[in-house]
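Engineer: Handing you a structure now.
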Amino acid sequence: MLFTNTKLMRSLLTIHYHYPLSTLPVGFLLLLAAALRLWDLAWVQIGYDELISLKLALEVLQGQWLAHAAYSGSVANHPPVYVYVMALGYLVSKDFLWIVAYHALLDVVSVGLVYYIGRRYFGGWTGFVAGLLYAVAPWPIEFARHTWLTPQPIFTSIMLLGMMALNAPSISPAASRLGVVNWGVLLLGWGFTGLVGSHLSGIYFLPVLGLALWMGRRRVRLPALIFAFLPLLIIASAYLNFDRTQGFKNVQALFSASGAAERPAQFDLDSFKFALWNTGGAHLSDITGERYGEWRSQIPEWLTWLDTAQIALMLLAIGICAWLAIRRRSAPILLVLLTWLLPVLLQVRHAIPLGPAYFIAHVPAAFLLAGIAFQSCKVAGCQVAGGELATLQPATCNLPPATLLPATLLLATLILWHMFTWAKFNQFVQTHDTSIGGYGTPAYSAYYASKAARQAAPEGAWVVFVTQEPPSPYNLQTVLADVMLADVPHRIMHPADGLILRQTALPYVLAPDAAGFADDLAERWQVTPLAQSRAALRNLPAPNAATAQKNTGYTYLNLPPHDQTLAPIAKLSNGAEILSAKLSRQGQQAQVDLTVRVTQAPPAGAQFQWFNHLLSGGSANERMIGQTDGAGIKTANWRPGDILRQRFSINLPPDAPPPPYRLRLGSYLLNGPRLTLAFANGKTDDKLELSE
């Protein structure tokens, strides 16, 4: 009965013809895009640029209002939209790999939007081809896995969807169409707001925005227009108000970027080059740094022509779409074409060096152009395969149907090439040191060392992060500690500051340049060697020892509990207790080993210093022959229950009298008075004296 119902069968075939495998393509594309972007996330690059945006997002959750984001590699501070978008991810989890996955999934959503735009407004094959190319292209995959401040393709996809909804011919009743148009205006405005609010290069999309609004001006309603651009006005007002306090240096920098201020501009085709590179894997090798030669040896020479073919086919697709837009006077194709073309043209003249990152927002339009070109071959000699627009009728393309087979073969070849390049690059990063002038240091070691420390930390305990650099919001290791340990209390210290112990085991994470701290434990601090409890987590070694760079591995240590039963020999007026103090000599240096117990939190902002005076002679002929003042473990790192072990060194002068020597030590508030010491016998003083 079913098979004799001609009307029903015709309807089913029509549905399938209009939307090939209608429910399967989008699921397949989303799964493929997600799999490639989420694969081995622990090997994503970490650097200051990748981490500072996440640090700012964490500050947003702490209630700090941001009118701007970090200074990027362009000309100025950027507006804060990207920071707030990343802060939304932190509402779910503060785990670093989750936040990287969240960023990657935003790009997966962009792939889905590109598929939807292509299928709904140009035909099922346009959507499938555009989405497939986007899903597997190595550059978009790479950018999706990095959390640095770059233009975000998802906002371009949202803007494109708004353009299509506003300018596509209506096939619905007027009331329904009005609702589609209103949503189109909102998406157009919000997408552009996201672009320019995330990265200032989004300004180059302004002419396309204006053209789309002008072309659809008769459908635009004032309330929708107000709601569409109200977020942009709010962000721009906050940003300009911030810039006012800086003497409008960011606005001036924007003019400088085009050569209108300090730096002269120049003309070149770098913008076209980078915009085309981003559509595939061409020149992905440029981020292998000093390992470039080794990377090239991974790729068979006879396959390298595919990089050139990929760019050539993109240029061909752009040409076909330009011809289609003119021949059929198709506003939607023209808008997609100009979304890719105009921002690229506007950056042909520039005063700052350009890079591929500035053009990643162009890829949704580029892949849609490739899909439209493919569909034009698909429908040559037959009826349009579906979609709301009859823009790809046979008359629009005189290509013979036989062009479909080579087009399909070329498409399949490129997809396989892209996946091969992605897999090879992913493997290369895991087995080669690309930290010098290339990809950078992968997150693997830092993440798993921090994860081990989080898991070992008792409830409410503080993880100690040791770095060779002094803690500063402007250096990599400090920002890395704040991001990797965002979900656990932590403190950052220099290895020369001393050693913190507690009544319970205390997790430590050592940065690569502070790895010697672990080696000092037995020699300097007399801590039992930690061979059993120490887990060294390091990147795989570089295979070529002659070109291997310094170790980039982070180390996790779980220091054993300290005996808390020691009776203090003196108690300071700030609540700290001196448990032991020892004077010794090694060559021309005297060393002071001091153990202090913290019993209460120090006042906010307090900075306590220690003075160490080396004395010779008796009370009648006393002479100070050396002195060292220092903070030891910084007061900001003191927590009640800490045992602070510190060492101070005093250089002996060449004319130092013979020993024995005495030591006079104590503490004082920086730029303030000395602290009082209360001794066990009831006496008080502002100093403690020791003998050898």
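Engineer: Along the charge dipole of the chain, pointing to its positive end and built from +1/-1 on Cβ of Lys, Arg, Asp and Glu, which listed residue (463, 359, 372) has its Cα farthest out?
Structural biologist: Value: 372.
Engineer: Of the listed values (1) 41.4; (2) 33.9; (3) 31.2, identify the label whose number matches mean projected area of the Cα convex hull in nm² calculated from this model.
Structural biologist: Here mean projected area of the Cα convex hull in nm² agrees with entry (1).
Engineer: Just report the Cα centroid separation between region 422-501 and region 178-232, whole Å.
Structural biologist: Centre-to-centre (Cα) distance: 41 Å.
Engineer: Now a separate question. In degrees from 0 to 90, rounded to the nearest 10, what is the angle of the helix 6-18 Cα long axis to the longest principal axis of the chain?
Structural biologist: So the helix axis and the longest Cα principal axis differ by about 50 degrees.
Engineer: Please work out the Cα center distance from region 264-293 to region 642-669, rounded to the nearest Å.
Structural biologist: Centre-to-centre distance over Cα atoms comes out at 58 Å.
Engineer: Starting from the 7 Å offset along Cα-to-Cβ, what nm value, one decimal, do you get for the label separation of residue 345 and residue 238?
Structural biologist: Reported label-point gap for residue 345 and residue 238 is 3.5 nm.
Engineer: Given the DSSP H assignment, sum -39500 (n - 2.57) over each helix run of at least 4 residues in the chain and divide by its residue total; what's the result at 222 nm in deg cm²/dmol, nearest 500?
Structural biologist: -14500 deg cm²/dmol
Engineer: What are the ³J(HN,Hα) values, in whole Hz, obtained from phi via the Karplus relation 6.51 cos²θ - 1.76 cosθ + 1.60 with θ = phi - 60°, for each residue of region 264-271 in sequence order, with x given for Gly and Pro?
Structural biologist: Going residue by residue, I get x, 8, 9, 9, 7, 9, 4, 4 Hz, with x marking Gly and Pro.
Engineer: A follow-up question, please. What is the Cα coordinate range of region 570-691 on the first, second and third principal axes, sorted by size from largest, in whole angstrom?
Structural biologist: Between the extreme Cα coordinates on each principal axis of region 570-691 lie 43, 29, 25 Å.
Engineer: Assuming R0 = 51 Å, what is the FRET efficiency of residue 92 and residue 303, from their Cβ-Cβ distance, to the nearest 0.05? Could you put the intermediate results ahead of the total?
Structural biologist: On the way: r = 41 Å, r/R0 = 0.80.
Calculated value: 0.80.
Engineer: Then there is this: Return the subset of 634/687; 55/249; 55/634; 451/634; 55/451; 273/451 for which the Cα-Cα distance in this structure is over 29 Å, preserving the input order.
Structural biologist: Going by Cα-Cα distance, 273/451 fall outside the 29 Å limit.
Engineer: Sticking with this structure for a sec: Between residue 315 and residue 62, what FRET efficiency follows from the Cβ-Cβ distance if R0 is 30 Å, with the result rounded to 0.05? Working shown, then result.
Structural biologist: Numbers: r = 48 Å, r/R0 = 1.61.
Calculated transfer efficiency: 0.05.
Engineer: How far apart, in nm, are two points set 7 Å out from the Cα along the Cα-to-Cβ line at residue 116 and at residue 28?
Structural biologist: Result for the modelled spin labels: 2.1 nm.
Engineer: Treating only the Cβ of Lys, Arg, Asp and Glu as charged (+1, +1, -1, -1), what charge dipole size does the chain show about its Cα centre? Round to the nearest 20 debye. Mind showing how you got there, number by number?
Structural biologist: Values: 47 positive and 38 negative charges, 433 e Å.
The dipole of the chain has a size of about 2080 debye.
Engineer: So how do 624, 314, 419, 163 line up by other beta-carbon neighbours within 10 Å, fewest first? Mind showing how you got there, number by number?
Structural biologist: Values: 624 11, 314 25, 419 18, 163 32.
Lowest count first: 624, 419, 314, 163.
Engineer: How would you rank 122, 465, 648, going from fewest to most other Cβ atoms within 10 Å of each one's own Cβ?
Structural biologist: With the fewest neighbours first, 122, 465, 648 line up as 648, 465, 122.
Engineer: Sticking with this structure for a sec: Compute the angle between helix 206-215 and the longest alpha-carbon principal axis of the chain, please, reported from 0 to 90 degrees and rounded to the nearest 10.
Structural biologist: Here the helix axis deviates by roughly 30 degrees.
Engineer: Less than 11 Å Cβ to Cβ from residue 417, Lys/Arg counted +1 and Asp/Glu -1: what total charge do the surrounding residues give?
Structural biologist: Once positives and negatives cancel, what remains is 0.
Engineer: For the peptides 483-491, 579-587, what is the packing order when you average, over each peptide's residues, the other Cβ atoms within 10 Å and list the highest mean first?
Structural biologist: Final packing ranking: 483-491, 579-587.
Engineer: Once the Cβ-Cβ distance between residue 472 and residue 588 is put in as r, and R0 is 30 Å, what FRET efficiency do you end up with, to the nearest 0.05? Spell out each step's value before the answer.
Structural biologist: Details: r = 33 Å, r/R0 = 1.10.
It comes to 0.35.
Engineer: Can you work out ³J(HN,Hα) from phi for every residue in region 115-125, in order, using Karplus 6.51 cos²θ - 1.76 cosθ + 1.60 and θ = phi - 60°, giving whole Hz and x for Gly and Pro?
Structural biologist: 4, 5, 4, x, 5, 6, 10, 10, x, x, 6
Engineer: Further question on the same structure: If you stretched the chain out fully between residue 639 and residue 503, how much longer would it get, using 0.36 nm times the residue separation minus the C-alpha to C-alpha distance? Numbers along the way, then the final one.
Structural biologist: Details: separation 136, 0.36 × 136 = 48.96 nm, distance 1.22 nm.
Length gained, residue 639 through residue 503: 47.7 nm.
Engineer: Spin-label point model (7 Å from Cα, Cβ direction): what's the residue 690 to residue 327 distance in nm?
Structural biologist: 9.0 nm
Engineer: Starting from 0.36 nm per residue, how many nanometres of slack lie between residue 624 and residue 214 once their C-alpha separation is accounted for?
Structural biologist: 139.2 nm
Engineer: Rounding to the nearest 10 and keeping the result within 0 to 90°, find how far the Cα-based axis of helix 81-90 lies from the longest principal axis of the chain.
Structural biologist: 70 degrees
Every number here is computed from the coordinates shown, using simple stated rules; none is lab data. Source: prediction; values computed, not measured. Methodologically, a virtual Cβ is constructed for each residue, glycine included, from the backbone with ideal geometry; neighbour enumeration extends over all protein chains shown.
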